[in-house]
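Below: the structure, in structure tokens.
The values are calculated or read from the model by the stated rules, or taken from the named source; none is laboratory data. Note that the structure is predicted; figures quoted are calculated from it, not measured. Cβ sites come from the backbone with ideal geometry, for glycine too, and all protein chains shown count toward neighbours. Just the protein is used for accessible areas: all its heavy atoms, side chains included, with ligands, DNA and RNA removed. Shrake-Rupley method; radii C 1.70, N 1.55, O 1.52, S 1.80 Å.
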Amino acid sequence: MTLSLSDIRVHRDGRAILALDELTLRDGEFTAILGHNGSGKSTLMQVMARQMKPDGGMIRLDDQLLERYSQRELARRMAFLPQQLPEVAGLDVRELVRLGRFPWRGLVRRWHRDDATAVDWALEQTSMANYATHLVDELSGGERQRAWIAMLLAQEAPLLLLDEPTSALDLSHQYECMALLSDLNQSAGRGVAVILHDVNLAARYADRVIALKQGEVAFDGTPQAMLSSELLTMLYGIDINLIAQPGTQRPVAVVA
Ligand SMILES: Nc1ncnc2c1ncn2[C@@H]1O[C@H](COP(=O)(O)OP(=O)(O)O)[C@@H](O)[C@H]1O
Ligand SMILES: [Mg+2]
């Protein structure tokens, strides 16, 4: 799946909160999106996932305008994890994850063995199998986030868009989540775009880093290219050095 945005504008209260000329997520790419709070990351991802209609511009998913896809056609192609997870009163984890199968179930075709396999696999991958019968609303923040990631995986879409999937996770689950996305990217060719706050997670896993500043793209390049730029100081306004990790040569951020 290739997702291309051109001339995208989103205005709120008389100011532009997103202004992009051209931005394309290429097929099978692993992109991390960074930026200060309020830089427009969630707005960008909501526009990409058709959760928000921009005030101007055009978005294509492969060879068709994004707006032309039916709900089901779109859900078969892209899966979106919002930053604010909705409340799901009364649902247990397995029921939530099963919702991820809806694009593959027609009006006629009901539950199928493939659906159960996908649900079990998703629960396993997110270490949530032991929580299958727990109510989602009674989970800890991190478990809830993993339950939602499991739902996203069960959807089996070739393009995954995730808005801060690691924000509530402890350190080991952050790396687990990123390693899982990386594996889906490398072995199954899924495209991944993920909003992160942790520069080191972005540099470790992504092929491409996009940084937003005040709704505009301030950096777009490889993690290695971040090393030679003033990106972090410019983005976060504090003195951060990037050093190349021995072996991978991927950058690691160190606060000066
Ligand atoms: N519905 C809205 N009305 C007014 N301003 C908004 C609205 N949604 C977002 N904003 C503003 O747009 C900017 C970008 O928000 P957002 O995309 O959520 O940033 P990020 O995800 O990078 O933290 C922020 O300044 C935010 O306050
Ligand atoms: Mg956000």
Discussion item. At 7 Å along Cα-to-Cβ for each site, give me the label-to-label distance between D198 and L91 in nm.
Written reply: 2.6 nm
Item to complete: Grab the beta carbon distance between T2 and Q84, set R0 = 35 Å, and tell me the FRET efficiency rounded to 0.05.
Response: 0.80
Worksheet entry | Estimated inter-spin distance, L171 and M52, nm [label 7 Å along Cα→Cβ] | 3.3 nm
Worksheet item: What per residue convex hull volume, in Å³, do the alpha-carbon atoms of the chain yield?
Response: 140 Å³
Worksheet item: Taking amide H positions as placed 1.01 Å from N in the peptide plane, with prolines and chain starts having none, which residues 5 or more places from K213, or on another chain, fall under 5 Å of its amide H?
Response: A218
Discussion item. Nothing charged except the Cβ atoms of Lys and Arg (+1) and of Asp and Glu (-1): what's the magnitude of the dipole of the stretch 3-255 about its Cα centre? Round to the nearest 20 debye.
Written reply: 620 debye
Discussion item. Antiparallel versus total DSSP beta bridges in the chain: what percent is that, nearest 5?
Written reply: 60 percent
Worksheet entry | Dipole of the chain, positive end: most advanced residue of H134, W104, Q214 [Cβ charges, Cα centre] | W104
Item to complete: Divide, for the stretch 8-124, the radius of gyration over alpha carbons by 2.2 N^0.38 Å, where N is the residue count.
Response: 1.27
Practice prompt. Counting only heavy atoms of the protein chains, get the accessible area per residue of the stretch 3-255 (1.4 Å probe) and round it to a whole Å² value.
Written response: 48 Å²
Discussion item. Let me cross-check S70: its accessible surface, 1.4 Å probe, with only protein heavy atoms counted, in Å² to the nearest 10?
Written reply: 50 Å²
